[in-house]
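> Let me give you the structure first, and then I'll get to my questions.
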Amino acid sequence: MSEPRLHYGRLMPEGLAKLTALEHYLNTGAELEASLRELVRLRASLLNGCEYCIGLHSAELRKLGESEARIAEVPEWRNSALYSVRERAALAWAEAVTNIQDGHAPDVLYEAVRAEFSEAETANLTLVIATINAWNRMSIALGAHDGPR
């Protein structure tokens with residue numbers, strides 16, 4: 001791994017601590033399945049091209065007992081029968097929120113998410129996606145992650 005442009009973890013420890021605290025909430029208080037959170041994080045990281053996060057979330061999925069096939073098929077989840085309706089809705093939402101520059105998150109995707117997730121779960125799922133996008137952007141723009149996580 002190359003040297004980061006900035007050692008941002010050292011430059012903004014309080015900011016990274018707050019982002020890490022948000023991750024802790026998402027992992028312990030958001031009431032979303034661990035594998036679902038990691039699938040969404042992996043999909044967003046793949047879309048963003050964040051190699052560090054791709055490796056991290058692939059490893060987390062393995063720790064959770066996910067099969068290599070399910071991990072490998074995340075980029076092509078639409079063509080796979082390995083994901084539940086709930087996971088498919090979350091993966092589609094992850095793509096829409098990650099690629100929000102393409103326009104608004106489509107109503108049809110929002111409706112699919114709401115069919116599978118409560119209001120609180122939808123808000124928390126969107127926060128999982130927003131947070132992994134923040135980590136991706138820090139890593140891609142400034143270099144490999146160098147702070148506590």
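The values are calculated or read from the model by the stated rules, or taken from the named source; none is laboratory data. All values derive from a computational prediction rather than experimental measurement. Positions of Cβ are backbone-derived with ideal geometry, glycine not excepted, and every protein chain shown enters the neighbour counts.
> Which condition number does ARG78 fail, the rest of (1) closer than 20 Å to LEU125 by Cβ; (2) in contact (Cβ under 8 Å) with a residue 60 or more places away in the chain; (3) loosely packed, with under 13 Cβ neighbours inside 10 Å being met?
Result: ARG78 fails condition (2) only.
> Quick test for you: out of VAL108, VAL40, pick the one residue that is buried (at least 17 other Cβ atoms within 10 Å of the Cβ) and either out of contact with any Lys or Arg (no Cβ under 8 Å at 6 or more places or on another chain) or of a type outside the set (A, V, I, L, M) (or both).
When all the criteria are applied, what remains is VAL40.
> Any residue in region 124-131 that is outside any helix (DSSP H, G or I), at pLDDT 95 or above and in contact with an Asp or Glu (Cβ under 7 Å, 6 or more places away or on another chain)?
no
> Next question. Touching a Phe, Trp or Tyr at 6+ places or on another chain (Cβ under 8 Å) and not acidic (Asp, Glu): which single residue out of ALA134, ALA105, ALA94, ALA72 fits that description? Break it down stepwise before answering.
Numbers: ALA134 fails: touching a Phe, Trp or Tyr at 6+ places or on another chain (Cβ under 8 Å); ALA94 fails: touching a Phe, Trp or Tyr at 6+ places or on another chain (Cβ under 8 Å); ALA72 fails: touching a Phe, Trp or Tyr at 6+ places or on another chain (Cβ under 8 Å).
Criteria check complete, one pass: ALA105.
> I've got another one for you. Taking GLU66 as meeting all but one of (1) part of a helix (DSSP H, G or I); (2) surrounded by 13 or more Cβ atoms within 10 Å (Cβ to Cβ); (3) free of Cβ contacts under 8 Å to residues at least 40 places away in the same chain; (4) over 15 Å from the mean Cα position of the chain (by Cα), write down the number of the exception.
Every condition holds for GLU66 apart from (1).
> Considering every residue within region 41-55, establish whether at least one is polar (S, T, N, Q) and at pLDDT below 95.
The answer is no, given that none of the residues of region 41-55 is polar (S, T, N, Q) and at pLDDT below 95.
> Quick one: is TYR52 farther than 25 Å from MET138 by Cβ, aromatic (Phe, Trp, Tyr) and surrounded by 15 or more Cβ atoms within 10 Å (Cβ to Cβ)?
Considered against the rule, which asks whether it is farther than 25 Å from MET138 by Cβ, aromatic (Phe, Trp, Tyr) and surrounded by 15 or more Cβ atoms within 10 Å (Cβ to Cβ), TYR52 comes out as no.
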